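Please read the structure below before turning to the comments.
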Amino acid sequence: MIQSVEEPGVFLDNCQAQFDFTEHTLEDCDGKCWKSVDMIDMKRLGNSSRERLKLKDEALSSLRSSRRCFSADELIRAGEMGIITSNGCRKIKRESDKSKEICFCSDQDMFRLYGPGLEASFQVPVRYFYLQAYDSKGQKLNYSTQSSDRIEFHLTRVSDQLSVHSYRKVDDLNDGTYLFRYRLYESVKDLRIFIRFGKQDKVHVVNGYIYSDGCYCPESNLTQWLNSLQCSSSSLSQLHEDFKLFKQIDMIKVLNKAKKKYFQHPKTYALCHYVIKNNQIYRKCYGEHVAFQMFSDAILLSLSRKVILPDVEFLMNLGDYPLSNNDNDPLPIISWCGSKQTHDIILPTYEITEATLQMLSRTTLDIFAMSTVRHLSWSKKIPKGFFRGRDSCQERLDLVRLSKKFPDLIDANLTRMFFFRDQMSEFEPFAEYIPMPKFFDYKYQISIDGTVASYRFPYLLAGDSLIFKQTSSYYEYFYRDLISNKHYIPIKKDLSDLIEKIQWAKTHDDEAQEIVKHAQRFTQHNLLPNHILCYHVQVLQEYAKRLVSPVEVSSDMELVQHEKDESHIKKDNCICHHSEMSTNPSCGVRAPAIIYSCLLKNNSDAEVTIQIEFTGFEGHHHEIADIELAKGEEQLIDEKEFEHGEHNTKYRKGVDCIRVKKFDGTTIELKKPFDGVTSPKKKWIFEITNDSIKSIDPEKQ
């Protein structure tokens with residue numbers, strides 16, 4: 001640090017010249033170099049020139065100073081407290097303390113990382129967090145300073161610095177913040193996140209076990225899991241309303257009534273009877289068109305890999321239309337859409353749920369997609385109401401007719417026709433397909449019902465256009481928390497006031513933009529991936545509380561297996577760390593479904609060759625045991641151990657797969673999770689028959 005000769009403690013204004021650090025340089029400090037030095041009280045130096053110089057020398061030699069790197073996070077916190085942290089020096093004085101001169105200096109861009117994806121316990125299919133950029137004064141920037149494709153984003157293991165198999169994406173939100181997302185294809189302990197933003201590098205370590213979406217390692221403490229996903233921030237007003245009529249649920253009576261009302265009409269209705277028992281999913285479906293069971297299967301399996309679900313039994317409606325009629329004895333049917341005329345219990349739609357599970361995978365449309373695309377600025381947007389879609393209801397046809405009558409206010413067209421084909425000639429030619437992000441080239445979005453509620457509505461809320469929403473008897477699970485004229489502009493069902501409302505918006509630009517901001521905030525607080533997972537579990541939890549009939553798996557039900565789940569890209573053969581934790585129930589951790597040793601029985605008609613695969617932590621410490629068994633023989637396979645960690649602690653491996661090669665050369669195999677295994681097991685029985693491998697509990701033999 002260089003002091004001026006005129007006044008001790010007053011420093012030159014050149015930031016670079018002020019710092020001569022021995023421990024830190026501008027290159028290795030992730031925030032700013034900082035120095036603080038006591039000021040000399042000039043009034044105490046006396047009047048005599050000789051005395052003044054003597055005292056001045058003594059004062060200079062006794063000045064207290066400190067130097068260090070002031071981290072980016074510290075600078076940001078200081079800025080939030082009102083402390084000026086811009087480059088340069090300034091005098092400060094605290095009560096009962098000497099005056100000090102403090103200086104900050106940096107030539108680097110500052111940023112701060114925040115968000116739930118930086119915590120190991122935040123287990124969603126795609127984790128996410130944010131980067132907020134700051135200027136040299138510690139103030140948040142509201143514009144982009146880096147192109148997202150120039151930001152480096154890497155994931156490695158802390159233990160060996162090897163890259164973690166993952167898909168990563170960085171998106172510029174165009175307001176000074178950046179969205180970081182990553183989907184893991186393998187589980188890892190202690191994840192190192194590296195980010196290079198401009199000239200600055202930052203490393204954040206996520207301590208703990210971080211599981212991929214394909215890893216079966218459910219948290220046994222449901223309350224703890226709900227807290228880790230910040231579920232308390234979500235509104236449950238619709239859930240409480242849905243369950244008002246159903247104080248007690250007797251599934252025996254529900255099924256008997258459903259058989260008469262729905263199951264006997266397979267061409268009209270499609271439902272699945274689900275049972276969740278010991279965290280395994282079973283179902284029996286009714287109807288000719290039950291393909292949408294894949295959506296309910298996928299979310300239930302994904303949840304069961306993350307948390308021990310309550311034992312529960314329910315009917316799931318696979319159609320769009322709600323079914324629980326407004327009669328004297330409505331049925332507690334779970335559906336994706338509700339209406340004022342029915343009493344269904346509502347879950348998030350299959351569309352937004354699928355987008356949550358398939359984010360950064362099979363789907364390109366998710367709740368983040370509308371904010372990660374660079375849209376036209378508000379002033380450059382086309383000042384018209386916009387709509388594209390098929391002919392799902394009469395009002396959509398009426399909207400296109402309005403568009404032809406008022407082309408300066410509305411741009412609406414159909415993309416295809418299915419329901420009103422007798423009127424096709426009026427609406428041809430159909431409009432070309434437009435991806436949803438391009439919708440927001442227009443200032444106003446017109447949301448009209450489809451066959452039921454419009455499932456695109458969450459994405460419209462996330463965008464940056466003003467929504468005109470048709471009044472409707474249909475609703476999704478979050479509609480009850482929306483406020484008209486705060487989150488959207490309501491329009492009549494017959495669209496008779498639409499032109500008037502658009503004209504109002506054109507003359508009230510500031511109010512329109514404020515409504516758009518409220519809608520975007522609503523999606524951030526209610527419609528992100530953790531909110532979708534939370535709501536599903538909370539509905540199941542509430543349903544289970546009301547069951548008065550025993551939860552039992554009937555013999556005609558099918559086990560929904562994780563191996564057949566197409567909702568995740570790759571099954572992660574991880575080892576759940578709960579296997580090394582206490583199995584004492586008071587610890588709040590349920591022991592994993594794992595087999596340490598097994599008894600093999602050959603009850604087939606010939607000799608067989610068997611491979612037993614064992615794995616340790618996170619799919620490592622792989623081992624295969626090969627044996628041959630003659631007809632009628634049996635053999636006990638002992639536990640396998642491995643050493644792990646810096647202290648070479650010994651752990652047990654778990655059985656991952658049984659593979660049998662029969663005498664005729666054909667092969668059959670059985671992989672975990674094994675039927676009936678809900679906790680750690682020893683001497684579990686695998687019985688080999690001519691065409692299968694049976695998983696048998698030895699205590700039930």
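Nothing in this text is a laboratory measurement; each read-out follows from the coordinates by a stated rule. Being a predicted model, the structure only gives us computed values, none of them experimental. When we count neighbours, we look across all protein chains shown, and the Cβ atoms used for this are built from the backbone with ideal geometry, even at glycine.
Here are the numbers for this structure:
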item	result
Computed lengthening from R196 to Q635, 0.36 nm per intervening residue step minus Cα-Cα distance	152.4 nm
Shape of region 110-215, Cα gyration tensor, a/c cut at 1.5	prolate
Cα-based shape type of region 323-368, given that a ≥ b ≥ c are square roots of the gyration tensor eigenvalues and the cut on a/c is 1.5	prolate
Translational diffusion of region 234-358, µm² s⁻¹ [Kirkwood Rh, Cα pairs; Stokes-Einstein; 37 °C; 0.692 mPa s]	217 µm²/s
Neighbour-count ranking [beta-carbon atoms within 10 angstrom, fewest first] of K381, K306	K381, K306
Theoretical FRET efficiency, 1/(1+(r/R0)^6), r = Cβ-Cβ of Q423 and T471, R0 22 Å, to 0.05	0.35
Estimated inter-spin distance, N690 and D510, nm [label 7 Å along Cα→Cβ]	8.5 nm
Derived scalar couplings ³J(HN,Hα) [region 372-377; Karplus, 6.51 cos²θ - 1.76 cosθ + 1.60; whole Hz; x for Gly, Pro]	9, 9, 6, 8, 5, 5
Net length gained if the chain between S121 and K517 were fully extended (0.36 nm per residue, minus Cα distance)	139.5 nm
Other-chain or far-sequence residues with amide H under 5 Å of H621's (modelled H)	G616
Cβ-based exposure ranking for R127, R150, R77, in which fewest neighbours within 10 Å come first	R150, R77, R127
K277 paired with Q524, simple spin-label distance in nm, labels 7 Å along Cα-to-beta-carbon	4.6 nm
Highest to lowest packing among 336-343, 694-701, scored as the average C-beta count within 10 Å	336-343, 694-701
Paramagnetic reach from Q394 (point 7 Å along Cα→Cβ, amide N under 16 Å) across region 452-472	452, 471-472
Rounded to whole Hz, the Karplus (6.51, -1.76, 1.60) HN-Hα couplings of region 536-544, x for glycine and proline	4, 5, 5, 5, 4, 5, 5, 4, 4
Length released on extending from D329 to V553, taking residue separation times 0.36 nm less the Cα-Cα span	78.1 nm
For region 369-527, the spread of Cα positions along each principal axis, largest first, Å	43, 34, 30
Residues whose placed amide H lies under 5 Å from that of Q200, excluding near-sequence neighbours	D109
Efficiency of FRET between R416 and A291 - r from beta-carbon atoms, R0 22 angstrom, step 0.05	0.60
For region 653-666, 3J(HN,Hα) per residue [Karplus equation, 6.51 cos²θ - 1.76 cosθ + 1.60, θ = phi - 60°, Hz, x = Gly/Pro]	7, x, 5, 9, 7, 10, 10, 10, 9, 7, 4, 7, x, 7
Estimated distance in nm for a label pair at Y479 and Q538, the labels positioned 7 Å out from Cα along Cα-to-Cβ	1.9 nm
Long-range HN-HN contacts of C574 with modeled amide H, under 5 Å	Y216
Region 389-453: proportion of alpha-carbon pairs further apart than 21 angstrom, %	19 percent
Normalised contact order of region 369-527, rounded percent, pairs of Cα under 8 Å and 6 or more residues apart	24 percent
